[in-house]
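The values are calculated or read from the model by the stated rules, or taken from the named source; none is laboratory data. None of these values were measured; they are calculated from a predicted model. Neighbour counts are summed over all protein chains in view; Cβ atoms, including those assigned to glycine, are modelled from backbone coordinates with ideal geometry.
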There are 2 protein chains.
Amino acid sequence: MNIFLAQQNYHIGNFEANTAKIIAAIEEAKQQGGDLIVFSELSVCGYPPRDFLEFNDFIEQGLAAIDKIRQAADTIGVLVGCPSRNAKIEGKDLFNSAYLLYEQEIKGIVHKSLLPNYDIFDEYRYFEPAYEWNILTFKGKRLAVTICEDIWNLGDDPLYRICPMDELIKQQPDIMINLSASPFDYTHEDGRKGIVKQNVLKYNLPMVYCNTIGSQTEIVFDGGSMVMDKNGDLLTEMPYFTEAMASIIWNEDETFDGSQPARRDGSNAYISAIPATFDPEKNTAQMHQAILLGIRDYFGKMGFTKAIVASSGGIDSAVVLALACEALGPENVNALLLPSQFSTSHSVTDAEQLSRNLGNHFDTIPIEGVFRQFEDALAPVFSGLPFNVAEENLQSRIRGAMVMALSNKFGSILLNTSNKSELATGYGTLYGDMAGGLGVLGDLYKMQVYALARYINRSQEIIPRNIIDKAPSAELRHDQKDSDSLPEYDVLDPILYQYIERRQGPKEIIALGSDPALTTRILRLVNNNEYKRNQFCPIIRVSPKAFGIGRRVPIVGKYLS
Amino acid sequence: MNIFLAQQNYHIGNFEANTAKIIAAIEEAKQQGGDLIVFSELSVCGYPPRDFLEFNDFIEQGLAAIDKIRQAADTIGVLVGCPSRNAKIEGKDLFNSAYLLYEQEIKGIVHKSLLPNYDIFDEYRYFEPAYEWNILTFKGKRLAVTICEDIWNLGDDPLYRICPMDELIKQQPDIMINLSASPFDYTHEDGRKGIVKQNVLKYNLPMVYCNTIGSQTEIVFDGGSMVMDKNGDLLTEMPYFTEAMASIIWNEDETFDGSQPARRDGSNAYISAIPATFDPEKNTAQMHQAILLGIRDYFGKMGFTKAIVASSGGIDSAVVLALACEALGPENVNALLLPSQFSTSHSVTDAEQLSRNLGNHFDTIPIEGVFRQFEDALAPVFSGLPFNVAEENLQSRIRGAMVMALSNKFGSILLNTSNKSELATGYGTLYGDMAGGLGVLGDLYKMQVYALARYINRSQEIIPRNIIDKAPSAELRHDQKDSDSLPEYDVLDPILYQYIERRQGPKEIIALGSDPALTTRILRLVNNNEYKRNQFCPIIRVSPKAFGIGRRVPIVGKYLS
């Protein structure tokens, strides 16, 4: 049996484009003599469709797409993902399903049993879990078809009370096939192969595992679809962060002939454990790829081409500008320099040098005149009160208004440059430097931003060295340094990591060696600034716990605050 | 048996304050000869605790609070809500539980079975559903204790496959007791009494139903705790939107002696159905109360006292200013008038008159000078391009920066004035009029804002009549009217209502009589502006479907867009 895997990038709700893409892959597989082609989870509508699932119209469009794909599934079997309706009146009205289409008929439907409902996932919001399990038969073979999370409930502390494969194995399947939408994070490198391996060894069956790729607002799916034989040998590993097709011959004697050489995969990790300590150098190359895909897909799927970045001469905006130029082409990226009376001369020259290195257009608009005019207008109300955070934030908001004026005038999207350390501690100005359409670095702590800057410079100096070497500063008053308000980042970032990624409380963090007063102060800053993050743009997610939809914390509360 | 109900307002994560409040009620009930006192769902930690539940430290603090309350529960039985740990390794690690405390011991724990995971609710994110059901015995009586959603699964299309009361009834309970955290919305008036009635009639048992009150960021809980006998007679109905204690005597012969006269409740509604058509006059008085509580609790629980409102002379800011003055006292509310060259003279005089009527301080800062300075600074880059949305938004952002400067300087919180019609269609400026800490009117369509304005003026003219009568305008260019860009609100609002509250698709809305092209255009506006709403502040929720945490729509997508 010639099995194809289609690792594709879908557009949520764009049934027409998704269906066309699916049918194109089916036609290609047919031409190449494919018997069966496997797509990823909810491929027809894109994943995650979120509250679009509450619209009957949306479900109907999905079913209509299945109907169309069914007609292409004549001489080839197709496994494709789409919501289906629950015929029973009890329980939620939908299932998250995989359809087996063949001979232009729906030959079978299976439903997802384990509905992830943590971090960025909300599946129990929409779907009823499966409570019956059936093998699908195809050309005399017995397929145990599962969907993503269904195979992840192994290990010492299972999140669910059942394993659907424990039910399916009783029906003597010949192979496991999993349709996934499994997102990237920098801990995920080995976890996915590890869980596939655990399954093939536990059930003594080979597995065909098809993942999606592409970025969906904040969630980046990285692909890496695979075929593993029942011994745990990885027969096919598809590329990461890009669309691809692959095929493998599954012989009658249950052996495989793949286009790639068989190789043993050493990993046996369970669900990517979040490392116990913070390592800012971990998987920088993958994060780089994920962010590029995140930018490209945000623009491509929103129908945008041009980006604008407020370029300060600091490390964050430099990294964002470099990433934007790489993702979109320097001809589509404008930098706007907005120096004030508090900007150092090297800030301007560094920002200029950066744009010359990158080859992008830049404009310079000094903000001092506008700032003075604001001061004059406010003088009767401020009546001699000293310069403080109000004036600091005002400069940042003037920059925000200026760069948004260009954004509106020229139809370019403002890329935000806030990093995770700033967002965590509230070291940023709402409607000022916190403005933007997409948070490029919002899931990277400052030390990870530095690591990424060095990675960007790995073969030549793209980001001027002085930008990497100088002490970070917001430059909103004379001689300001981040370290006036915050501890050094090599102290701050590990505390934030323990609190945010690892959900450690003050006692545990202090027990790891952090200063008690500082730890308390930092956790309080994090919790007290939830209101700011709540108004922040989507952040490209690269860690196992990003700010945004995957972290839901009360704004009004009093806990560690 | 003398049963007390404690309808209290908790502060999420503030274990010290919540525990003190709970113990104070216990002491009061003991003094009055109480046998049993019932609190609401998750009373110890406040509801909803959201991702705080992922912190072991948070769970430990809850258990420590239970330990403290246990010591007060000596001669009185106490039913109180708190998370508990799941001892089994399979399944999630927590239950949403009710503890029966008596004789300074934990006499029993029951767990919630039905975990709401729709709209604003995320309980399956944290909790394992109960899968065993046990009666609690207390002073010889058999108590069927359930938690909120557990009693809501009746009706024609049940969301869950089981009803926990169907299990408990087999154990011959004498009474049902439900601990709730059931939020307000304007359709909820009869739904809650209806569901209690359905339960008492179905199971032929009386019910003690204790709800919480108070606003938690965006969610307003309205109380209305009650006792209903097995015939469906409402014996006690506690007040709405305020803390209260009540008690009732449950006699040995199963009759009740209440402090309030028994009265038959006519309602038999199931879960508050969302009305089929939009009625902007529906339940304005309750929405008024909900918003006042929403403002008061936001300020009280965040530790703020002072508010600031950008007062334009339009209807939205007038209503917000009036509500703020009523909630916080006019002495704590500042208005800032920010006229431009496009402001009409009546806008300024109306705004001044409004503040004189309300008795709040106001300042006036014309923005034209700053706007001209921005234009000059931008001129080299804009190089003669015509005035367009960039300059319109710029004025709005100058106002945003100005009012935030006062907010920062004087520590006052900016109340946002955007209404639901604007937010739906994207008729607002990010970082401009969309700025603010709390969205006061974000869940009211424009027609509901007018209804609320008339309600505020019900006994005297607080909001100047001209503000209510004139055509709405953003005044960002000469002679601008909302109706230049949007249909009239009596056409727009019903379409939005069908799409947002009732999740009707284009076909259904057109079938109701809306113009096809207009309907398509409006739905596209709603979906294309998700990115703006994503950066909006929390909105006080008064409808069954508010923008914010209860509505989760992809930003990058292509559905009806």
Within the bounds of the range A:185-205, is there any residue that is more than 19 Å from A:Leu154 (Cα to Cα) and buried (at least 24 other Cβ atoms within 10 Å of the Cβ)?
yes
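Residues checked against (1) farther than 23 Å from B:Gly232 by Cβ; (2) among the acidic types (Asp, Glu); (3) touching a Cys at 6+ places or on another chain (Cβ under 7 Å):
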residue: B:Glu132; (1), (2), (3): yes, yes, no
residue: B:Phe138; (1), (2), (3): yes, no, no
residue: B:Cys148; (1), (2), (3): no, no, no
residue: B:Asn153; (1), (2), (3): no, no, yes
residue: B:Pro164; (1), (2), (3): no, no, no
residue: B:Ile169; (1), (2), (3): no, no, no
residue: B:Asp185; (1), (2), (3): yes, yes, no
residue: B:Gly191; (1), (2), (3): no, no, no
Is it the case, given these coordinates, that B:Leu414 is in contact (Cβ under 8 Å) with a residue 24 or more places away in the chain and away from every other protein chain (no Cβ under 13 Å)?
no
Hey, any hits in the range B:364-381 for a residue that's more than 8 Å from every other protein chain (Cβ to nearest Cβ), of a type in the set (A, V, I, L, M, F, W, C) and in a helix (DSSP H, G or I)?
yes
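Condition (residue is over 21 Å from A:Ile367 (Cβ atoms), among the hydrophobic types (A, V, I, L, M, F, W, C) and touching a Pro at 6+ places or on another chain (Cβ under 7 Å)) applied to the range B:349-363: is it met by at least one residue?
Yes, because at least one residue in the range B:349-363 is over 21 Å from A:Ile367 (Cβ atoms), among the hydrophobic types (A, V, I, L, M, F, W, C) and touching a Pro at 6+ places or on another chain (Cβ under 7 Å).
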The residue that is farthest from B:Glu375 (Cα to Cα), considering only those in the range B:391-411 that are over 29 Å from the mean Cα position of the chain (by Cα) and of a type in the set (D, E, K, R), is B:Lys409
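If you take the residues of the range B:153-181 that are part of a loop (DSSP other than H, G, I, E, B) and crowded, with 24+ Cβ neighbours inside 10 Å, which of them is nearest to the other protein chains (Cβ to nearest Cβ)? If you could, list the steps in order and put the result at the bottom.
From the range B:153-181, those part of a loop (DSSP other than H, G, I, E, B) are B:153-163, B:172-174, B:180-181; that's our starting set.
Then drop every residue that is not crowded, with 24+ Cβ neighbours inside 10 Å, which leaves B:180-181.
Numbers: B:Ser180: 19, B:Ala181: 13 Å.
So, considering only residues that are part of a loop (DSSP other than H, G, I, E, B) and crowded, with 24+ Cβ neighbours inside 10 Å, the one nearest to the other protein chains (Cβ to nearest Cβ) is B:Ala181.
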When every residue in the range A:57-68 that is touching a helix residue (DSSP H, G or I) at 6+ places or on another chain (Cβ under 8 Å) and either hydroxyl-bearing (Ser, Thr, Tyr) or surrounded by fewer than 24 Cβ atoms within 10 Å (Cβ to Cβ) (or both) is compared, the one farthest from B:Leu159 (Cα to Cα) is A:Lys68
Determine whether the range A:36-44 contains at least one residue that is under 30 Å from B:Gly550 (Cα atoms), more than 25 Å from the chain's Cα centre (by Cα) and surrounded by 24 or more Cβ atoms within 10 Å (Cβ to Cβ).
no
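Just the residues that are within 14 Å of another protein chain (Cβ to nearest Cβ) and touching a Leu at 6+ places or on another chain (Cβ under 8 Å), please, taken from the range A:483-503.
Taking the range A:483-503 and keeping what is within 14 Å of another protein chain (Cβ to nearest Cβ), we get A:498-503.
A:Gln498, A:Tyr499, listed by residue number.
How many residues does the range A:27-43 contain that are at positive phi and either facing chain B (nearest Cβ under 10 Å) or without any contact (Cβ under 8 Å) to a residue 40 or more places away in the chain (or both)?
Summing the residues that are at positive phi and either facing chain B (nearest Cβ under 10 Å) or without any contact (Cβ under 8 Å) to a residue 40 or more places away in the chain (or both) in the range A:27-43 gives 1.
Residues are listed down the side, and each one gets a yes or a no for (1) modelled with pLDDT of 95 or more; (2) part of a loop (DSSP other than H, G, I, E, B); (3) more than 13 Å from chain A (Cβ to nearest Cβ):
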| residue | (1), (2), (3) |
| --- | --- |
| B:Asn18 | yes, no, no |
| B:Ile23 | yes, no, yes |
| B:Cys45 | yes, yes, no |
| B:Pro48 | yes, yes, no |
| B:Phe58 | yes, no, no |
| B:Ala65 | yes, no, no |
| B:Arg70 | yes, no, yes |
| B:Val78 | yes, no, yes |
| B:Gly91 | yes, yes, no |
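Quick check on this structure: which one of B:Ala351, B:Ala318, B:Ala335, B:Ala290 is in a strand (DSSP E or B), within 30 Å of the chain's Cα centre (by Cα), in the same structural domain as B:Ser418 (by TED's automatic domain parsing) and modelled with pLDDT of 95 or more?
When all the criteria are applied, what remains is B:Ala335.
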Whether any residue in the range B:111-118 is more than 9 Å from chain A (Cβ to nearest Cβ), more than 23 Å from the chain's Cα centre (by Cα), part of a strand (DSSP E or B) and buried (at least 18 other Cβ atoms within 10 Å of the Cβ) is what I want to check.
yes
Would you mind telling me which numbered condition in (1) of a type outside the set (Val, Ile, Thr); (2) under 24 Å from the mean Cα position of the chain (by Cα); (3) outside any strand (DSSP E or B) B:Pro83 fails?
(3)
Which residues, taken from the range A:338-348, are outside any loop (DSSP other than H, G, I, E, B) and surrounded by 22 or more Cβ atoms within 10 Å (Cβ to Cβ)?
A:Ser347
Take the residues in the range A:69-87 that are touching a residue at least 40 places away in the same chain (Cβ under 8 Å) and closer than 30 Å to B:Leu154 by Cα; name whichever of them is surrounded by the fewest Cβ atoms within 10 Å (Cβ to Cβ).
A:Asn86
Determine, yes or no, whether A:Arg399 is over 22 Å from A:Leu441 (Cα atoms) and more than 7 Å from every other protein chain (Cβ to nearest Cβ).
no
Which one of these does B:Asp150 not meet: (1) buried (at least 24 other Cβ atoms within 10 Å of the Cβ); (2) within 14 Å of chain A (Cβ to nearest Cβ); (3) in a helix (DSSP H, G or I)?
(2)
Subset of the range B:339-387, residues closer than 16 Å to B:Val403 by Cβ and touching a His at 6+ places or on another chain (Cβ under 8 Å), comes to B:Ser355
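Mind listing just one residue for me: the one in the range B:447-485 that is among the aliphatic types (A, V, I, L, M) and at pLDDT below 95 and, of those, farthest from B:Leu292 (Cα to Cα)?
Step one: filter the range B:447-485 for residues among the aliphatic types (A, V, I, L, M), giving B:447, B:449, B:451-453, B:456, B:462-463, B:467-468, B:471, B:474, B:476.
Checking which are at pLDDT below 95 leaves us with B:471, B:474, B:476.
On the way: B:Ala471: 27, B:Ala474: 26, B:Leu476: 30 Å.
Among them, the one singled out is B:Leu476.
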Those residues of the range A:425-448 which are closer than 24 Å to A:Ile495 by Cβ and within 14 Å of chain B (Cβ to nearest Cβ) amount to A:Gly426, A:Gly428, A:Thr429, A:Leu430, A:Asp433, A:Met434, A:Gly439, A:Gly442
Identify, please: which residue in the range A:523-561 is of a type in the set (D, E, K, R) and farther than 20 Å from B:Gln216 by Cα and is, among those, surrounded by the most Cβ atoms within 10 Å (Cβ to Cβ)?
A:Arg541
As an exercise: evaluate B:Ile151 against (1) aliphatic (A, V, I, L, M); (2) out of contact with any Ser or Thr (no Cβ under 6 Å at 6 or more places or on another chain); (3) over 22 Å from A:Pro129 (Cα atoms) and give the number of the one condition it does not meet.
(3)
From the residues in the range B:93-103 that are more than 14 Å from every other protein chain (Cβ to nearest Cβ) and not polar (S, T, N, Q), which one is surrounded by the most Cβ atoms within 10 Å (Cβ to Cβ)?
B:Ala98
Got at least one residue in the range B:514-522 being within 25 Å of B:Ile367 (Cα to Cα), more than 28 Å from the chain's Cα centre (by Cα) and crowded, with 20+ Cβ neighbours inside 10 Å?
no
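Residue by residue, here is whether (1) over 22 Å from A:Ile398 (Cα atoms); (2) among the aliphatic types (A, V, I, L, M); (3) buried (at least 24 other Cβ atoms within 10 Å of the Cβ) holds:
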| residue | (1), (2), (3) |
| --- | --- |
| B:Pro380 | no, no, no |
| B:Asn388 | no, no, no |
| B:Glu392 | no, no, no |
| B:Met404 | no, yes, yes |
| B:Leu441 | yes, yes, yes |
